[in-house]
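Single-structure report; data block below.
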Amino acid sequence: MAVTDPNVLQTPDGLKYFAPEREAAWIGILQAHAELTRGLDAALSARHGLSLSAYEVLNRLAHAEDGHLRMTVLAERSQLSLSRVSRVIDALEQREYVARRSCPGDSRVVHATITPAGRALVGEAQETFFEVVEQGFLARLSCEEVRVLGSLLGRLVTAPLGASCPGPQG
């Protein structure tokens with residue numbers, strides 16, 4: 001089968017690979033994400049005893065109206081699976097940073113609510129979060145590069161799959 005997309009190249013034995021500029025973009029985004037999330041996870045854990053997932057859950061709850069969200073909404077907003085959110089909530093509940101509440105009108109619905117202790121912890125942890133993101137990511141870029149990157153990444157999360165740019169100009 002011949003490759004018809006000029007952005008996907010092929011070795012003599014038929015293995016496909018991206019053109020160098022596409023490979024750099026793809027690998028760059030994967031490595032930047034991995035580096036940043038590892039750094040955040042390590043700093044939040046060392047300074048506050050929180051994983052990045054736990055921080056994200058607490059932060060979403062702290063910013064929610066009335067400090068509570070349905071578990072399904074929390075999973076969606078935090079980009080975590082419902083089972084992962086449930087495990088994180090279990091651990092945070094044991095430490096009294098969140099509480100689970102059943103919905104009075106529908107016993108199948110469970111809400112997570114941030115406690116005052118959880119709100120205080122996330123407030124402290126935000127300083128670490130912003131410091132690591134700034135130093136490990138944003139400070140490496142100019143203000144214009146941050147603006148452009150934000151615009152590009154925003155398009156990636158809203159663009160339908162399959163959208164593509166034309167091949168290299170010859």
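The values are calculated or read from the model by the stated rules, or taken from the named source; none is laboratory data. Remember, it's a predicted structure, so these values are computed and weren't measured experimentally. Please note: Cβ atoms are built from the backbone with ideal geometry, for glycine as well, and neighbour counts cover all protein chains shown.
Of the listed requirements (1) within 16 Å of the chain's Cα centre (by Cα); (2) of a type in the set (A, V, I, L, M, F, W, C); (3) surrounded by 14 or more Cβ atoms within 10 Å (Cβ to Cβ); (4) modelled with pLDDT of 95 or more, Ala62 misses just one: (1). Note on region 54-81: residues that are closer than 14 Å to Gly118 by Cα and of a type outside the set (Val, Ile, Thr) amount to 13.
Residues considered: Arg108, Arg101. Of these, the only one that is more than 18 Å from the chain's Cα centre (by Cα), part of a strand (DSSP E or B) and in contact (Cβ under 8 Å) with a residue 24 or more places away in the chain is Arg101.
Scanning region 64-94 for residues that are in contact (Cβ under 8 Å) with a residue 24 or more places away in the chain, of a type outside the set (S, T, N, Q) and within 14 Å of Ser51 (Cβ to Cβ) yields Leu80, Arg84, Val85, Val88, Ile89, Ala91, Leu92.
Would you confirm whether or not region 12-20 contains a residue that is assigned to a helix (DSSP H, G or I), modelled with pLDDT under 95 and not basic (Lys, Arg)? Checked against the condition, which is being assigned to a helix (DSSP H, G or I), modelled with pLDDT under 95 and not basic (Lys, Arg), region 12-20 yields at least one hit.
For (1) within 17 Å of the chain's Cα centre (by Cα); (2) surrounded by 12 or more Cβ atoms within 10 Å (Cβ to Cβ), each residue gets a yes or a no:
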{"site": "Ala24", "(1), (2)": "no, no"}
{"site": "Leu50", "(1), (2)": "yes, yes"}
{"site": "Ala54", "(1), (2)": "yes, yes"}
{"site": "His68", "(1), (2)": "no, yes"}
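Residues checked against (1) closer than 21 Å to Val157 by Cβ; (2) of a type in the set (Lys, Arg); (3) modelled with pLDDT under 95:
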residue: Ala54; (1), (2), (3): no, no, no
residue: His68; (1), (2), (3): no, no, yes
residue: Arg77; (1), (2), (3): yes, yes, yes
residue: Arg84; (1), (2), (3): yes, yes, no
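Residue pairs whose Cβ atoms lie under 7 Å apart, separated by 6 or more positions or on different chains, with the first residue in region 29-44 and free of Cβ contacts under 8 Å to residues at least 40 places away in the same chain and the second surrounded by 12 or more Cβ atoms within 10 Å (Cβ to Cβ) and not aliphatic (A, V, I, L, M), are Asp41/Ser51. Tallying residues that are farther than 19 Å from Met71 by Cβ and of a type in the set (Gly, Ala, Ser) within region 93-148 yields 7.
If you check Asp90, Asp41 for being of a type in the set (Asp, Glu), surrounded by fewer than 18 Cβ atoms within 10 Å (Cβ to Cβ) and more than 19 Å from the chain's Cα centre (by Cα), only one passes: Asp90.
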